[in-house]
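Presented below is the structure to which this report refers.
The values are calculated or read from the model by the stated rules, or taken from the named source; none is laboratory data. Values in this document were obtained by computation on a predicted structure and should not be read as measured data. Quick reminder, even Gly has a Cβ in these numbers, built from the backbone with ideal geometry, and neighbours come from all protein chains shown. Calculation scope for accessible area: heavy atoms of the full protein, side chains included, ligands and nucleic acids excluded. Shrake-Rupley method; radii C 1.70, N 1.55, O 1.52, S 1.80 Å.
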Amino acid sequence: MSQVLSQAQVDAFWRNGVLTVESAVTPEQLSRLNAGLAGWVEESRAHTAPFGPPTVDDRPRFDMGAEHSADHPALRRVNNPSDISADYFEVMSNARTVDMIAQLIGPNLKFHHCKINVKLPGARTEVAYHQDFAYTPHTNDDVVTALLMLDDVTEDNGCLMVVPGTHKGPIYSLFRDGVFTGRMADEIETDMLARQIPVTGKAGSVCLMHSRLAHGSAANASQRPRGLYICVYTAADAVPIARSPMPNPNEGRIVRGVASPTARMIPLEVELPKQPKSASFFTVQGQASAAAE
Ligand SMILES: O=C(O)CCC(=O)C(=O)O
């Protein structure tokens, strides 16, 4: 197995639950990903509501915020772009980022799902505090998300905000009064906001994030876009205990090593999430999609 991270980087990941690495994909890979996204942003101008081609569970693949218009597109989510783009498939299945995650939780590594979250200038998209594991619980928590920066990501264009060390703490409820809101309770979020740090970097950097790490992000306050290509991977012996929020034909695909005949369990208790019926989790968190008249 190739060792792409130093021992100091591996230790920092397990200590903090987060690690940023520069030049995680090749310049060619990055420019092909950005060309694909630019095409989808252009395509979104012709639509007034979330549109296809549908995902395997028949939801729209492309989601825009309520502020979307032909002149000022607010495309905010592409669900499982690796289903529809060879360039996104290649990076999901075989980039340096995959070796990095295999080094952390491998050698046997499975793909779960992927998405693009984009905050275009003028878009109002923000992300309320949550832990990914509460959306995608597994029999063990060797579940890591790679957030690849498609643009230079700075504090003013809506960078990811994280609270280091929270991956070692409790799994917080994403329910309020029995309703799945996909966000932590207000008082917990207030505490997280007081302790958070920004995750910034040059285009082509990757943020490797443990799926129990508490995180969120603010709206883009700049005139520059902020795109993230987000791929979720698990150890081969981590078995989902809830349906995927974003089913796709590659779910469970072995991207490094071999399949596991066993499921590894750790002691944990987690509320079972509800699957979104809308195009993305932004609506679950209370931010409406663009709607056709
Ligand atoms: O796009 C962002 O800023 C955050 C992404 C995120 O929280 C997620 O996809 O779980």
Read phi for every residue in region 141-152 and hand back ³J(HN,Hα) as whole Hz from Karplus 6.51 cos²θ - 1.76 cosθ + 1.60, θ = phi - 60°, with x for Gly and Pro. 9, 7, 10, 10, 9, 9, 10, 8, 7, 7, 10, 5
Among the DSSP H helices of the chain, those whose Cα atoms extend at least 15 Å along the helix axis and whose mean Kyte-Doolittle hydropathy is -0.5 or higher are 27-44
Determine the per residue accessible area of the chain with all protein chains present and a 1.4 angstrom probe, expressed in square angstrom. 41
Amide proton proximity set for His138, modelled H, under 5 Å, gap of 5+: Ile241
Of Phe62, Phe89, which has the most accessible area and how do the rest follow, probe 1.4 Å? Phe89, Phe62
With θ set to phi - 60°, apply the Karplus curve 6.51 cos²θ - 1.76 cosθ + 1.60 along region 131-140 and write out the HN-Hα couplings as whole Hz, x wherever there is a Gly or Pro. 10, 4, 4, 6, 8, 10, x, 10, 5, 9
Pairs to check: Lys202/Lys274; Lys168/Lys202; Lys119/Lys168; Lys110/Lys202; Lys119/Lys202; Lys115/Lys277. Give those whose C-alpha atoms are more than 24 Å from each other in this structure. Lys202/Lys274; Lys168/Lys202; Lys119/Lys168; Lys110/Lys202
Enumerate the calculated ³J(HN,Hα) couplings along region 252-266 in order (Karplus 6.51 cos²θ - 1.76 cosθ + 1.60, θ = phi - 60°), each rounded to whole Hz, writing x wherever the residue is Gly or Pro. x, 5, 7, 9, 8, x, 10, 5, 9, x, 10, 9, 8, 9, 10
Quotient of Cα radius of gyration and Kirkwood radius for region 173-293, i.e. Rg/Rh, equals 0.97
Please list, by residue number, every one of the GluC sites (Glu not before Pro) in region 196-273 that is coil in DSSP and has at most 15 other beta-carbon atoms within 10 Å. Glu269, Glu271
Computed Rg/Rh for region 9-54 (Cα atoms; Rh = Kirkwood radius) stands at 1.24
Rounded to the nearest Å, the spacing of the alpha-carbon centers of region 181-258 and region 117-139 is 7
For n ≥ 4 DSSP H runs only, could you compute -39500 (n - 2.57) per run for the chain, divide by its residues and tell me the 222 nm figure to the nearest 500? -6000 deg cm²/dmol
Determine, for each peptide in 183-190, 23-30, the mean count of other beta carbons within 10 angstrom over its residues, then list the peptides with the highest first. 23-30, 183-190
Residue of Val163, Val56, Val127 that the Gaussian network model of the chain assigns the largest fluctuation, springs spanning Cα pairs under 10 Å: Val56
With all protein chains present and a 1.4 Å probe, the order of Lys168, Lys119, Lys110 from largest accessible area down is Lys168, Lys110, Lys119
By the 4.7 Å beta carbon criterion, which cysteine residues of the chain come out unpaired? Cys159, Cys207
With every protein chain kept in place and a 1.4 Å probe, the residues Ile254, Ile116 fall, from largest accessible area down, as Ile254, Ile116
Please report, as a whole percent, how much of the solvent-accessible surface of region 23-155 comes from carbon and sulfur atoms (probe radius 1.4 Å). 51
Using only C-alpha positions, report the orientation-averaged shadow area of the convex hull of region 7-256, nm², one decimal. 12.7
